[in-house]
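What follows is a single structure, written as structure tokens, with notes after it.
The values are calculated or read from the model by the stated rules, or taken from the named source; none is laboratory data. This is a predicted model, so every value here is computed, not measured. Positions of Cβ are generated from backbone atoms using ideal geometry, with glycine treated the same way; all protein chains shown enter the neighbour counts. Quick note on the areas: whole protein, heavy atoms, side chains included, nothing else; ligands and nucleic acids left out. Shrake-Rupley method; radii C 1.70, N 1.55, O 1.52, S 1.80 Å.
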Amino acid sequence: MLRFIGLRIIAAIAQAIGITILVFFLMRWLPADPVAQMVGTNASAEAMAQARTQLGLDVPVFRQLSDFLGFTSHLGAPGLLQGSLGRSWITSKPVLEEVLEFLPVTLELITYSMFVAFALAIPIGMISATNPNGVVARASFVWGLFAGSQPEFWWGLMFAFVFFFVLQQAGLPHAPPPLGRLSPMLDAPAHITGFIVLDALMQGQFKIAGDAAMHLMLPVGTLVFVISGPIVKMVRQNMGRVLASDYMLYAQLAGLTRWQVGRYALRGGLGPSLTLVGFIYGFLIGGAVPVEVIYSLNGLGEYSVRAVLQLDFPAIQGAVLVIAFVSLIAYLIVDCIHALVDPRITL
Amino acid sequence: MSVSAATGTRVSGRQRQRLVGRLMADGLARFGAAIVATTLILAIIGPWIVPYDPQSTTAAFSEPPPPILDWPKLLIATLFQGAPAPHWFGTDNAGLDVFSRVIAAPRTDLFIALAAGSISAILGTAIGLLTGFSRNVFTEMVMRVSDLLQSFPVFITAMILVSLSGRSAQNIIITLGLVYTPVFIRLTRAEVVVQMTRGYVEAARALGNSSWRVAVFHVLPNSIVPALIQLSTTVGFCILLTAGLSFVGAGIRPPAPEWGLMIAQGGPQMITGAWWMSVFPGFAISLTILGYAALGHALEQAYD
């Protein structure tokens, strides 16, 4: 098991670096010119050439790659081998530092969303599977089809409009605020996990934790809205398959109660659904971008939008590397949990 | 005895369930087909039937839409009494008519989505057929590359490709086509591998057909259905991604009529109560994607 996990982590690192190198070449091959963007298109040829040298873009592409990886260093800057992702061309801060600052925001958002979505999906999926002609089953079918592919950025705006504007106009005193992570009057808690609600709770700052939770309500609600559809569908399908299997028929014939049967079925049916969790988690790390943008959460998605629009190559490479790595690790964790839940699988 | 009685009720219950399922799928199929047809027709004639030019400003800025109860009266006045067309969905803060833009947008969105979907389906099916049909070191390598591409973060990759190659419709089509190709490779390859074990492939070979003839005329027709079904879903995803890219500012440039762009431009106005600028295009996307998903689901059911 440990050997398997170790190998998979090495494979994930290799794959993430592979993806980053592909992106590295793509960015330099595509026609966009970061130098012109930085110094302005009216700049003199000397200024352009100087900026090109400063950014390290004047040497051949493979030389640039070996600089990035840390084999050579013609600008005197450390590379990936030395544990550095370079410095941002816009802020001049180390990219790794920036990315690690923005990553927890995104992780917090999608982790809570996954928990809430699953807490809703498991009972709904179970009820639909045990009673396939019931109201719940039909509603969840329509829901799965509907919410499975919806423009989350539009629903986010709608939520902000309804809960913040309409309800506040209607005189509701505690509308969930639609912008940022904390009210401007409050100080962020000291950094422990980077999850702002958890950090505040661990330090006993309940007021800050409550405020942060309020700020997270709308973004989490939006993501839950979008991802709950496929999860419910998956749980229902797997539960349905398990319930139709021979060992479930046997359990029913042996006279077990419905709840006991349901518990056994849950264990057998949850495994495949967990695979979907890993998949959605990996997808959301790079895919929750529009939701982060709407609610100005300042997460990794927003960071990468900014990096792409400003043609900040080191920041783009760093964001892609971290996003790819985290999603690959999410798949790995799910495989391990899968093996723990389902006794038929050994790693 | 009791066992057979139990299974007896089970079967009838399941039959009823299947019937309900089929009816539902049927209704879904009609719903999906209606939406797909509407968007296709709008993509063709949309820009010709709009009451206002979707790209030029009118005198009315941020005008709210007329109350829904006045709509029949206004419709009669416009159609028969020659009154100027009202701004059915209001105007945005630049004075553009929201209704005209929502109607004209399928030409942008649908065109991109259909072109990108077709590219990925054709490319993916061809590569899938090749890698499933002849398995050697080269095709194994192709599969590894495809796997690597599939583990790319889709949204970010599309954002990088589009904004670095220039934010034009053509570049969005190429990008989305590439991003969704691995799905089709995987689907077609899995199906081809199954078909290869069937007797008819061997029979076709024994009759003296060349390998590529067997692949294209015998294996391909029998393994293309999953890819065709996937196409409906993929077109929906392409619409979503096109709109999402312009929403974050990395897609089509304004003032082109495009749903995601309209939602993005109307978003900040929403907080001040001007909801109509992004609510209507949002409804349009939401309904369109639902239609494509419903059609895809119904096709899938019919195939199984």
Surrounded by 12 or more Cβ atoms within 10 Å (Cβ to Cβ) and not charged (D, E, K, R): which single residue out of B:Leu69, B:Leu75 fits that description? B:Leu75
How about the stretch A:238-347: which helices (runs of 4 or more DSSP H) wholly inside it have at least 2 residues that are closer than 25 Å to A:Leu7 by Cβ? A:258-287, A:313-341
The condition from (1) more than 9 Å from chain A (Cβ to nearest Cβ); (2) within 18 Å of B:Ala116 (Cα to Cα); (3) assigned to a helix (DSSP H, G or I) that B:Ala284 misses is numbered (2)
Look at B:Gly296 and say whether it is within 17 Å of B:Leu187 (Cβ to Cβ), modelled with pLDDT under 85 and crowded, with 19+ Cβ neighbours inside 10 Å. yes
Against the condition away from chain B (no Cβ under 12 Å) and open to solvent by 70 Å² or more (accessible area, probe 1.4 Å), how does A:Tyr264 come out, does it pass? yes
Restricting to the stretch B:197-212, and then to whatever is open to solvent by less than 100 Å² (accessible area, probe 1.4 Å) and assigned to a helix (DSSP H, G or I), can you tell me which residue is nearest to B:Ser134 (Cα to Cα)? B:Ser211
Just name the residue that is modelled with the highest pLDDT out of those in the stretch A:159-178 that are more than 9 Å from chain B (Cβ to nearest Cβ) and in a loop (DSSP other than H, G, I, E, B). A:Ala170
Mind telling me which of the residues A:Glu108, A:Glu101 ends up being among the acidic types (Asp, Glu), within 30 Å of A:His338 (Cα to Cα), assigned to a helix (DSSP H, G or I) and at pLDDT 80 or above? A:Glu108
I'd like to check something: does the stretch B:259-271 contain any residue that is within 30 Å of B:Leu187 (Cβ to Cβ) and modelled with pLDDT of 85 or more? yes
Which of the residues spanning the stretch B:234-254 are closer than 12 Å to A:Val305 by Cβ, buried (at least 24 other Cβ atoms within 10 Å of the Cβ), within 10 Å of chain A (Cβ to nearest Cβ) and in contact (Cβ under 8 Å) with a residue 40 or more places away in the chain? B:Gly244, B:Leu245, B:Val248
Just for the stretch A:140-158: of the residues that are among the polar types (S, T, N, Q) and at the interface with chain B (Cβ under 7 Å from one of its Cβ atoms), which one is farthest from B:Trp259 (Cα to Cα)? A:Ser149
Being surrounded by fewer than 24 Cβ atoms within 10 Å (Cβ to Cβ) and of a type in the set (Gly, Ala, Ser) is the filter here, so list the residues in the stretch A:148-157 that pass it. A:Gly148, A:Ser149
How about the stretch B:270-281: which of its residues are within 10 Å of chain A (Cβ to nearest Cβ) and part of a helix (DSSP H, G or I)? B:Met270, B:Ser278, B:Val279, B:Pro281
Return yes or no: is A:Ala137 closer than 30 Å to A:Gly268 by Cβ and open to solvent by less than 30 Å² (accessible area, probe 1.4 Å)? yes
